[in-house]
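S.K.: Structure in C-alpha cells, see below.
Since every read-out is calculated from the coordinates, none of them should be taken as a lab result. Quick caveat, the model's predicted, so the values are computed rather than measured. All Cβ positions, glycine included, derive from the backbone under ideal geometry; neighbour counts span all protein chains shown.
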Amino acid sequence: MSHYRLRPTSDQARVLAGHCAHARYVWNLAVEQHTLWTPWRGPAPNYVAQARQLTEARREYGWLRAGAQMVQQQALRDFAQAMSNFYAGTHRRPTWRKAGRDEGFRVVAVRPEHVERLSRNAARVWVPKAGWVRFRLSRPVPEGVKSYRITMDRAGRWHVGFAAVPAPIEAPGNGDVVGVDRGVTVSAALSTGDMLNVPGLTVTEQRRLKRLERTLSRARRGSNRRRRVRTQIAVLKARETDRRKDWVERTSTDLARRFDVIGVEDLNIRGMTRSAKGTVEAPGRRVRQKAGLNRGILSAGWGGLVQRLEHKAPGRVIKINPAYSSQTCSVCGVTDREARESQARFSCRACGHTQNADVNAAVNMKTAAGRAVTAREGPSDSGPVHREPQLLLSA
C-alpha cells in the first residue's frame, strides 16, 4: 500500500474525524456481536445480515445517518475480511478499535476520476461528505486503484494509502548471495561487511522525549496539559517510526537490486519480544531488562525488513535456522561457544580467524543460503556438495 500525506482543511478534518468515529463504532459493534455470540443461537451474522442491521440503525439514529453510508459499509466489509483471514489461520482475531489509536476508514473509488493529479507535487482525492482533499504527491500514484484508506496517526497527521500490489524487483542475475544478521546493537550486518543501523531519534530529541515523559507523569488525567504533552510525545514517536520505515524501504530495495539470493535468520520475533512480567503467583525475573531488550528488538525493524524483502524479492529470500550461527567460524566451520569473546568480536580458537561477530554470523547465513539454493536446484555437473562436520570445542 502506497501512503501519502493528506492536507485537509479544518472543516475537512472534522468530517474525516467523524468518518473515523462512525467506522470505529460499526467495527466495534461487529466485534461485540461475534464476541457475545453463542453456538446455540446459530451461526454468527455475516456481512449481509450486518449490512441489513446497519440500514435499520441508520434509519433510527440521526447521528449515524449523517455519516457516509459507504464508509460504514466498508467497515463491515473489512471486518468480514478480517474474520475470513482469522479462520484461514493467516491473521489473529480482530479486536476492538480504540479512539485516538485506530483512526481510519476505507473508501471505494467508484470512478477513476476520484484521484486527480494537480501539479508536480500535489494531487487530490475524493472523500464522501468532505469533497476533494489535497495530498502531497511524493511519488506517482499506482495505476488501477480501486480503494484507498484514510488514517490519522497519534500525532494528528492524516494519510491516504492506495491499495495496490507493487511489482516485484527483478533479480540482477549476477548469482550473488548475501547473508543478513539482525541484531540490537547493529540492526543489520551483511556478509559483505556492511553494518547498517536504523536511524532513531537524535540525542537532543531523546532528551526532549524524556523531559516530556516526566511532564506527562505529573499531568492530571483529562487535563488540557496532559493532552498537549501526549501529542508532543506522539510527534516524536511518529518521527522515529517514519525514519525506521524509510530505512526498511531503502535497505530492502537495495538488497533486492544487488543480490539474487538473500539469506536471513528465521526468528520468532513475537516470541522473542514477549513480556517477562509473569503472574502474581509466578512473577518474572529481570522484567525491566527484558522490556528494554524488547524495545530494542522492535525499534531495529527486524520484522519489517524481512517482510518488505519478501514483497520485493519473492522466492529469493531464504530463511535459515539461526542455531549456533553466532558461535560457528565462517572459515573452518568449527562451533565454539567461547569463540565469541564479546558482542562485537569473534575469534576462532581452531584456525585463528578473527572478525566482527555479526559479520561472521552473516557469512554463515550466506553459506547456508547458498547450500539451500544448490539443494533446491539439484546437483550440478561439478558433483555433489559435501558439508564439513562441525566440531564443538569444550571450554
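S.K.: Could you pull the Rg and Dmax for the stretch 91-247, using just the Cα atoms, both in Å?
M.R.: That works out to 20.6, 61 Å for Rg and Dmax.
S.K.: Taking a 22 Å limit on the Cα-Cα distance, which of the listed pairs Lys146/Lys237; Lys312/Lys366; Lys245/Lys366; Lys319/Lys366 fall beyond it?
M.R.: From Lys146/Lys237; Lys312/Lys366; Lys245/Lys366; Lys319/Lys366, over 22 Å: Lys146/Lys237; Lys245/Lys366.
S.K.: Taking only the alpha-carbon positions of the stretch 164-279 and ignoring solvent, what does the Debye formula give for the base-10 log of I(q)/I(0) at q = 0.15, 0.22 Å⁻¹?
M.R.: So the normalised log intensities are -0.90, -1.24.
S.K.: Within 10 Å of each residue's Cβ, count the other Cβ atoms and sort Glu240, Glu103 from fewest upward. Intermediate values should be presented prior to the final figure.
M.R.: Working: Glu240 18, Glu103 22.
In increasing order of surrounding Cβ atoms, one gets Glu240, Glu103.
S.K.: Work out the P(r) tail for the stretch 46-115: percent of alpha carbon pairs separated by more than 14 Å, whole number.
M.R.: 70 percent
S.K.: Here's another thing I want to ask about it. Would you compute, for the Cα atoms of the chain, the largest minus smallest coordinate along each principal axis and list the three values in descending order, in whole Å?
M.R.: 79, 57, 56
S.K.: Using 0.36 nm times the number of residues separating Asn174 and Ala17, minus their current alpha carbon distance, what extension gain do you get? The partial results should precede the final answer.
M.R.: Working: separation 157, 0.36 × 157 = 56.52 nm, distance 5.04 nm.
Net length gain for the segment: 51.5 nm.
S.K.: Take every Cα-Cα distance within the stretch 2-162, group them into 10 Å bins from 0 onward, and report for each bin the whole-number percent of pairs it holds.
M.R.: 10, 36, 34, 16, 4, 0
S.K.: Set the Förster distance to 30 Å, then compute FRET efficiency between Gln289 and Gln33 from the Cβ-Cβ distance, nearest 0.05. Let's see the in-between values first.
M.R.: On the way: r = 42 Å, r/R0 = 1.41.
With a Förster radius of 30 Å, E is 0.10.
S.K.: Restricting attention to the chain, give the cysteines that have no other cysteine Cβ less than 4.7 angstrom from their Cβ.
M.R.: Cysteines lacking a close Cβ partner in the chain: Cys20.
S.K.: A follow-up question, please. Helix 302-312 versus the longest principal axis of the chain: what angle, 0 to 90°, nearest 10, using Cα atoms?
M.R.: Once rounded, the angle reads 80 degrees.
S.K.: Cα axis of helix 47-60 to longest principal axis of the chain: angle in degrees, 0 to 90, nearest 10?
M.R.: 40 degrees
S.K.: Here is a follow-up. If R0 is 41 Å, what FRET efficiency do you get for Glu205 and Val165 from their C-beta distance, rounded to 0.05?
M.R.: Numbers: r = 35 Å, r/R0 = 0.86.
Efficiency, from the Cβ-Cβ distance: 0.70.
S.K.: Something else: Calculate the FRET efficiency for Ser299 and Arg274 from the Cβ-Cβ distance with a Förster distance of 22 Å, rounded to the nearest 0.05. Before the final figure, lay out each step's value.
M.R.: Values: r = 16 Å, r/R0 = 0.75.
For R0 = 22 Å, the calculated efficiency reads 0.85.
S.K.: Separate question: Enter the Cα centre distance for the pair the stretch 204-249 and the stretch 120-137, rounded to the nearest angstrom.
M.R.: Cα centres, the stretch 204-249 to the stretch 120-137: 29 Å.
S.K.: Let me ask something else about it. Principal axis lengths of the stretch 177-377 from Cα atoms, whole Å, largest first?
M.R.: On the principal axes, the stretch 177-377 reaches 63, 41, 33 Å in Cα extent.
S.K.: Gain in length, Arg7 to Asp260, computed as 0.36 nm per residue apart minus the alpha-carbon separation, to one decimal in nm? Mind dumping the intermediate values first?
M.R.: Numbers: separation 253, 0.36 × 253 = 91.08 nm, distance 4.01 nm.
Answer, rounded to one decimal: 87.1 nm.
S.K.: Something else about it: Mind checking the full-extension length gain between Thr241 and Lys129? Use 0.36 nm per residue of separation minus the Cα-Cα distance, one decimal, nm. The partial results should precede the final answer.
M.R.: Values: separation 112, 0.36 × 112 = 40.32 nm, distance 3.10 nm.
Difference between extended and current length: 37.2 nm.
S.K.: Normalised by the number of residues in the chain, what is the relative contact order in percent for Cα pairs under 8 Å and 6+ residues apart? Don't jump to the answer; show the numbers that get you there.
M.R.: On the way: 591 pairs, mean separation 60.9, N = 395.
15 percent.
S.K.: Using a 7 Å offset from Cα along Cα-Cβ at Ala350, what residues in the stretch 309-344 end up with backbone N under 14 Å from the label point?
M.R.: Backbone N within reach: 324-340.
S.K.: For the stretch 98-148, divide the Cα radius of gyration by the Kirkwood radius and give the resulting Rg/Rh value with two decimals.
M.R.: Working: Rg = 12.2 Å, Rh = 12.2 Å.
On the Cα set of the stretch 98-148, Rg over Rh gives 1.00.
S.K.: May I ask for the distance between the Cα centers of the stretch 32-62 and the stretch 270-329, given as a whole number of Å?
M.R.: If you average the Cα positions of each part, the centres end up 39 Å apart.
S.K.: For the stretch 282-331, how big is the tail of P(r) above 17 Å, as a whole percent of Cα pairs? Don't skip to the end; give the middle numbers.
M.R.: On the way: 779 of 1225 pairs.
Within the stretch 282-331, distances greater than 17 Å cover 64 percent of Cα pairs.
S.K.: In terms of modelled amide H atoms, which long-range or inter-chain residues lie less than 5 Å from the amide H of Ile320?
M.R.: Val264, Glu265, Asp266
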